[in-house]
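> Got a structure here, written out as structure tokens. Questions coming.
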Ligand SMILES: C[S@@+](CC[C@H](N)C(=O)[O-])C[C@H]1O[C@@H](n2cnc3c(N)ncnc32)[C@H](O)[C@@H]1O
């Protein structure tokens, strides 16, 4: 049962995925609110979320009506469907663009983003260097990459996180600096809110 929950959090699908996505909405809302506040979104900003799940974070940003555009990538077909449904009005209005795909194999084009972020997704990437290199190249100069991740010690108490990659803050900081991010800051507030500047 715990293994199944971990698998669903990694890539939600089917009826269990629908249930797990409701759990994610209630577990992660406060992290989204904080990370969005820290993103300091401005008019005309181009934002990108990796692993948008059921699209709550994207919806919170779109509803702020700041005049930014928000794109996202998720490799769960179910999550793409749910996120589009939740954000239909903004998708139709050309404010939100929800793509389907795996960040590990995502072809970064010429489009540049001011801010890239992810909430509770980093544990599913076993090659941080590869993902961080992509994110670095997607950002405009001075752009920000913002991450929320739980403290790895919290995973010790949770049975469903057995197969998750357990990164320490030191691991993540050194991988971010390794791909070229110049300034990396973080605060610990339940989990880590990390901010890296290109
Ligand atoms: C634990 S859920 C978190 C969802 C959402 N960020 C939230 O906080 O509610 C992880 C999400 O990341 C997506 N994901 C995991 N690895 C991914 C990858 N390599 N590429 C794209 N999406 C990925 C999953 O499909 C899932 O929707």
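The values are calculated or read from the model by the stated rules, or taken from the named source; none is laboratory data. All values derive from a computational prediction rather than experimental measurement. Note: ideal-geometry Cβ built from the backbone for every residue, glycine included; neighbour counts use all protein chains shown.
> Quick check on residue 61: is it closer than 27 Å to residue 109 by Cα, over 13 Å from the mean Cα position of the chain (by Cα) and either within 8 Å of the ligand (Cβ to nearest atom) or not in a helix (DSSP H, G or I) (or both)?
It is false that residue 61 is closer than 27 Å to residue 109 by Cα, over 13 Å from the mean Cα position of the chain (by Cα) and either within 8 Å of the ligand (Cβ to nearest atom) or not in a helix (DSSP H, G or I) (or both).
> Residue pairs, Cβ under 7 Å, 6 or more apart or interchain, first in the stretch 41-52 and within 17 Å of residue 120 (Cα to Cα) and within 7 Å of the ligand (Cβ to nearest atom), second in a loop (DSSP other than H, G, I, E, B) and at pLDDT below 95. List them.
Partner pairs satisfying both residue conditions: none exist.
> Right, another one. Take the residues of the stretch 10-21 that are part of a helix (DSSP H, G or I), touching a residue at least 12 places away in the same chain (Cβ under 8 Å) and more than 13 Å from the chain's Cα centre (by Cα): which is surrounded by the fewest Cβ atoms within 10 Å (Cβ to Cβ)?
14
> Check off (1) surrounded by 19 or more Cβ atoms within 10 Å (Cβ to Cβ); (2) on the phi < 0 side of the Ramachandran plot; (3) in contact with a helix residue (DSSP H, G or I) (Cβ under 7 Å, 6 or more places away or on another chain) for residue 162 and give me the number that stays unchecked.
(1)
> Which of the residues spanning the stretch 92-128 are more than 12 Å from the chain's Cα centre (by Cα) and either assigned to a strand (DSSP E or B) or under 22 Å from residue 191 (Cβ atoms) (or both)?
96, 97, 98, 99, 100, 113, 114, 126, 127, 128, listed by residue number.
> Would you confirm, using the coordinates I've provided, whether residue 49 is outside any strand (DSSP E or B) and either more than 11 Å from the chain's Cα centre (by Cα) or within 23 Å of residue 195 (Cα to Cα) (or both)?
For residue 49, the condition - outside any strand (DSSP E or B) and either more than 11 Å from the chain's Cα centre (by Cα) or within 23 Å of residue 195 (Cα to Cα) (or both) - is not met.
> Hey, another quick one. Check the stretch 75-91 and report whether any residue there is part of a helix (DSSP H, G or I), out of contact with any helix residue (DSSP H, G or I) (no Cβ under 8 Å at 6 or more places or on another chain), without any contact (Cβ under 8 Å) to a residue 40 or more places away in the chain and buried (at least 18 other Cβ atoms within 10 Å of the Cβ).
Checked the stretch 75-91: at least one residue is part of a helix (DSSP H, G or I), out of contact with any helix residue (DSSP H, G or I) (no Cβ under 8 Å at 6 or more places or on another chain), without any contact (Cβ under 8 Å) to a residue 40 or more places away in the chain and buried (at least 18 other Cβ atoms within 10 Å of the Cβ).
> How many of the residues making up the stretch 109-131 are more than 22 Å from residue 62 (Cα to Cα) and within 13 Å of the ligand (Cβ to nearest atom)?
Number of matching residues: 9.
> Which of the residues spanning the stretch 64-74 are part of a loop (DSSP other than H, G, I, E, B) and in contact with a strand residue (DSSP E or B) (Cβ under 7 Å, 6 or more places away or on another chain)?
The answer is 68, and nothing else.
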